[in-house]
1. What is the distance in Å between the Cα centres of the range B:109-151 and the range A:1-54?
2. Please sort through the DSSP H helices of chain B and keep those with an alpha-carbon extent of at least 20 Å along the long axis and a Kyte-Doolittle average not below -1.0.
3. For a quick check: sort B:Ser41, A:Ser188 by the number of other beta carbons within 10 angstrom, fewest at the front.
4. Please give the length that would be gained between B:Ser26 and B:Glu155 if that part of the chain were fully extended, namely 0.36 nm times their separation in residues minus their C-alpha to C-alpha distance (nm, one decimal).
5. List the relative contact order of the range A:115-218 as a percent without decimals, with contacts defined as Cα pairs under 8 Å and 6+ residues apart.
6. Looking only at chain A, where both bridge partners belong to it, what percent of the DSSP beta bridges are antiparallel (to the nearest 5)?
7. For the protein assembly as shown, what does the alpha-carbon gyration tensor say about shape, rounded, prolate or oblate, given a ≥ b ≥ c as the root eigenvalues, a/c under 1.5 as rounded, and a/b over b/c as prolate?
8. Given the options B:His99, A:Asn85, A:Leu169, identify the residue whose Cα lies farthest towards the positive end of the charge dipole of the protein assembly as shown (+1 on Cβ of Lys, Arg; -1 on Cβ of Asp, Glu).
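We did not get these values from a lab; they are worked out from the coordinates using the rules stated. Owing to the predicted nature of the structure, the values given are computational and were not obtained by experimental measurement. Every residue, glycine among them, receives a Cβ derived from its backbone with ideal geometry; neighbour counts consider all protein chains shown.
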Number of protein chains: 2
Amino acid sequence: MIVLHHGLRSSASRRVRLCLEEKGLSYESHVVDMANQEHHSAEYLKINPLGVIPTLIHDGQPLHESGTICEYLDETYPDPPLRPNSPYERALMRNWIRHIDGLIGNLIIFNWRHHLQKTAEKWTDEELAEKLKSIPSKERQEAWLRVARKPYTEEERGAARDKLTTLLLDRMEEALKPSGWLVGRAYSIADIAATPFVKRIDEEIAPDEVTAEKHPRVTEWWAKMQARPAFSRAKFDPFITTLF
Amino acid sequence: MIVLHHGLRSSASRRVRLCLEEKGLSYESHVVDMANQEHHSAEYLKINPLGVIPTLIHDGQPLHESGTICEYLDETYPDPPLRPNSPYERALMRNWIRHIDGLIGNLIIFNWRHHLQKTAEKWTDEELAEKLKSIPSKERQEAWLRVARKPYTEEERGAARDKLTTLLLDRMEEALKPSGWLVGRAYSIADIAATPFVKRIDEEIAPDEVTAEKHPRVTEWWAKMQARPAFSRAKFDPFITTLF
């Protein structure tokens, strides 16, 4: 029995939904009511002490971190495999996931203003201070502080756009050269990890970079990803009109 | 054939050295000359495009990220095992590594002023700008900017100390309850990942927190870790007097 606590617009949730669909696994869906702070409730913190989404509950055991969840699903349900066979390629796959995770701050600058900002703006200084205490990374703390009190500027969005172009799209372009997939010769969790990012870049952040002129291999990869039956089932709806 | 490009004081390098020693693997040691910017040289960037340490080269194949390297070593040389048997516990182990990695910004505040600050202070504005362009995470960018131009304040060090106490030591104290190890019933890469952090906390950052009164299980675990033969061989020398 699999239960997924998730958000429709959350990049990490989208990864896990895509992985579940690729595996053909059915799950009970619970969309977390972030506007009403459900992810900060005592009940939710019991299954996810960081108060983030998603959380996967498998046979009663809760797990967070999208990259970890995807690899766990692949170890538990090996067919179809979503990891390369060799230890070295598995390591490269994990480093791709980590590299993309490290870019999340640049995505947050665009994503959170569409919905989380409305929530965070209403917090009192005390509520904000309480929230910040529980966040391990200074980068995430800063992101909450900014959406709550001092929204990101156009210049900051420009810098984030540049990072996503050079450190994600340019590197993907290079990595896709041998086989059309990020690692080894087959589709893997590394491709799943990149998908929510490329979706947002193509949709709003830098659509002119996801083109045959600028990044031909990424553009081909992206068409291939969107054509997969699992992609349609994983609910990558347009970001701005999606509720939570 | 294993080659390790590393730094004696680097927490990530210390993890990999400890893992290699636990496995009983011999390796060719290459200490990266960070004072002379060897990690930013074209030759080094070929094996590590992020310009960070450590890099492991195994049979000619380079790999970075300490957590990834340790898991790769365990998959390649399974004996003695450093990962739990069950997929769920392996997932918890990976999340421990990630959680600790997420706290690195708080360690950097203390660590970099001892040596990297002297290097970074000398950079021209152009050199600094060039360096910042290649760093994916805003947190790491900020850390370089700060050591180069505006060292952290005592208040910031206090906040970092609090994070390391609550989000590392307090959580370890809880996790160690069932078996005395961070995950499952045995020593694993999660314990290796925590070791360089606890070393620095005990040595300089908050020694009064690593005591039988404050964190009895962590203190017992730390004694156990230091007593392992691999620990002595992994060169955890005193931080401040260690030269690169």
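1. Cα centres, the range B:109-151 to the range A:1-54: 37 Å.
2. Working: long enough: B:87-101 (21 Å, -0.97).
Going by DSSP H runs, the hits are B:87-101.
3. Values: B:Ser41 13, A:Ser188 24.
Sorted ascending by nearby Cβ count, the order is B:Ser41, A:Ser188.
4. Numbers: separation 129, 0.36 × 129 = 46.44 nm, distance 4.30 nm.
Taking 0.36 nm per residue and subtracting the Cα distance, the gain is 42.1 nm.
5. Numbers: 62 pairs, mean separation 21.5, N = 104.
About 21 percent, as a whole number.
6. Values: 8 of 12 bridges.
Taking every DSSP beta bridge with both residues in chain A, the antiparallel ones total about 65 percent.
7. Working: a/c = 1.25, a/b = 1.24, b/c = 1.01.
It is rounded, given that a/c, with a ≥ b ≥ c, falls under 1.5.
8. A:Asn85
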